[in-house]
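Report on one structure; see the data block that follows.
Laboratory data are not the source of any read-out in this text; all were calculated from the coordinates shown. Nothing here was measured: the structure is a model prediction, and the numbers come from that model. Note that we place each Cβ from the backbone using ideal geometry, even for glycine, and neighbour counts take in every protein chain shown.
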Amino acid sequence: MASEVTGHLRRLVARRAEDSLLARGALEIARLEYPDLDPEEYLRRLDEYAERVRGGTAPGAGLTDRVLTLNRVLFEEEGYAGNLEEYYDPRNSFLNDVMDRRLGLPITLSIVYLEVGRRAGLAVEGVSFPGHFLVKVPVQGGALVLDPFDAGRSLDEDDLREQLAQVYGDDPAPSVTQLLGAASPREILVRLLRNLKGVYLRRNQLEKVLEVMNCVLAIAPELAAEVRDRGRLLERLECLRPALEDYQRYLELVPDAPDSDQVRRDLIRIQQDAQRIH
């Protein structure tokens, strides 16, 4: 099933249909855990939420009223909330689980928000903010930044600086403005997968980590660090020839990387080990 999921993800990305990639991609990722999942059931539910948002907004309503209606439907009527008690539960990363349980991470709740908002006609965008995924709605002269993990609360610049301080500590942090660029569906799916990878690493479930990394590289094969890290994981799993291929690919992608000499030494060592085994 894992290979089937990566194949489907490659085809989704190749289609370049950005308007359908995010929800379908997230549901495809969920099939790693739920192979019989029917994506159409959850896509229909997103459509139904959006219809309620449109129906609950007065004709000619302004942006603020439309956002408030979206918040009401998702967080008051449906009860979506951040899962603070079980933050590292892998179910928080699977969109079907999030929609069934109404609990999730900042990024998965943002995916729901983005998909419903888009269907309801709002120009809502994802923001890959350090440490905490957010969404924004462009407004004249800036953007309305919202936190779906906190019931769609509007965040001002002080709130965003406080979030940066939690990530950077005493180190210099980039300006808030620099970090509010719109994240593409592909970037959002990669961040979702990296979160899931971290959850499985915490649990030392290395085979599941490998499945997730394969999905990352199905979506973004140019991510050199992910290629290298998959090679290291394959080496730990004693899959030497695939590890060798990943190290070689990493050096092709970034021949002058700071760790290129170490990777070359690893490559030579694995070649020697593979020869001894065979």
Phe129 long-range amide H proximity, modeled H, under 5 Å: Leu134
What number, in percent, do you get for the relative contact order of the chain if the mean sequence gap of Cα pairs under 8 Å and at least 6 apart is divided by its residue count? 15
Pop the C-beta distance of Leu63 and Ala165 into the FRET formula with R0 = 30 Å and round what comes out to the nearest 0.05. 0.55
Have a look at Asn92, Asn204, Asn195 and tell me which one the Gaussian network model of the chain (Cα, springs below 10 Å) gives the largest fluctuation. Asn204
Reported label for calculated Rg and Dmax of the Cα atoms in Å given (1) 20.6, 74; (2) 18.6, 55; (3) 17.9, 52: (1)
Of the residues Tyr250, Leu237, Val263, the Cα lying farthest along the dipole of region 222-277 towards its positive end, which is defined by charges on the beta carbon of Lys, Arg, Asp and Glu, belongs to Leu237
In whole Hz and in residue order, list the ³J(HN,Hα) couplings for region 195-206 that follow from phi through the Karplus curve 6.51 cos²θ - 1.76 cosθ + 1.60, θ = phi - 60°; x for Gly and Pro. 4, 5, 4, x, 4, 5, 5, 4, 8, 6, 8, 5
I need to check one value: relative contact order of region 161-278, counting alpha carbon pairs closer than 8 Å and at least 6 residues apart, in percent. 15
Where does the chain land at 222 nm, in deg cm²/dmol rounded to the nearest 500, when only DSSP H runs of n ≥ 4 count, each adding -39500 (n - 2.57), divided by all residues? -19000 deg cm²/dmol
To the nearest 20 debye, what is the magnitude of the charge dipole of region 115-236 about its Cα centre, counting +1 on the Cβ of each Lys and Arg and -1 on the Cβ of each Asp and Glu? 640
A correct Karplus calculation of ³J(HN,Hα) over region 84-99, with 6.51 cos²θ - 1.76 cosθ + 1.60, θ = phi - 60°, whole Hz and x for Gly and Pro, returns 6, 6, 10, 4, 9, 6, x, 4, 5, 9, 9, 4, 5, 5, 4, 6
Bin all alpha-carbon pair distances of region 134-272 at 10 Å intervals from 0 and give each bin's fraction as a whole percent. 10, 29, 29, 21, 10, 1, 0
In degrees from 0 to 90, rounded to the nearest 10, what is the angle of the helix 224-236 Cα long axis to the longest principal axis of the chain? 60
Starting from region 172-260, pick out the trypsin sites (Lys or Arg not before Pro) whose DSSP state is loop and whose Cβ has at most 14 other Cβ atoms within 10 Å. Arg203
Counting alpha carbon pairs within less than 8 Å and at least 6 residues apart, what relative contact order, in whole percent, applies to region 222-277? 32
Out of all DSSP beta bridges in the chain, what portion is antiparallel? Express it as a percent rounded to 5. 85
Theoretical FRET efficiency, 1/(1+(r/R0)^6), r = Cβ-Cβ of Asp38 and Arg101, R0 22 Å, to 0.05: 0.80
Simple Cβ-charge dipole of region 222-277, Lys/Arg +1 and Asp/Glu -1, about Cα centre, in debye nearest 20: 260
Exposed-site-free run, longest, the chain (rule: GluC sites (Glu not before Pro); DSSP loop; at most 13 other C-beta within 10 Å): 87-221
Enumerate the amide H contacts of Leu103 below 5 Å, restricted to partners 5 or more residues apart or on another chain; note that Pro and chain-start residues carry no placed amide H. Ala81
Going highest first, how would you order 105-113, 212-220 by mean Cβ packing within 10 Å? 105-113, 212-220
Each residue of region 52-68 in order: what ³J(HN,Hα) in whole Hz does its phi give by Karplus 6.51 cos²θ - 1.76 cosθ + 1.60, θ = phi - 60°, with x for Gly and Pro? 5, 5, 5, x, x, 10, 5, x, x, 4, x, 4, 4, 5, 5, 5, 4
Answer with one residue from Val227, Val212, Tyr200: the one whose Cα lies farthest towards the positive end of the charge dipole of region 194-236, charges on Cβ with Lys, Arg +1 and Asp, Glu -1. Tyr200
How many angstrom separate the Cα center of region 79-115 from the Cα center of region 209-230? 23
Interchain or long-range residues, amide H under 5 Å from Ala151's placed H: Gly82
Magnitude of the Cβ-charge dipole (Lys and Arg +1, Asp and Glu -1) of region 2-183 about the Cα centre, nearest 20 debye, reported as 740
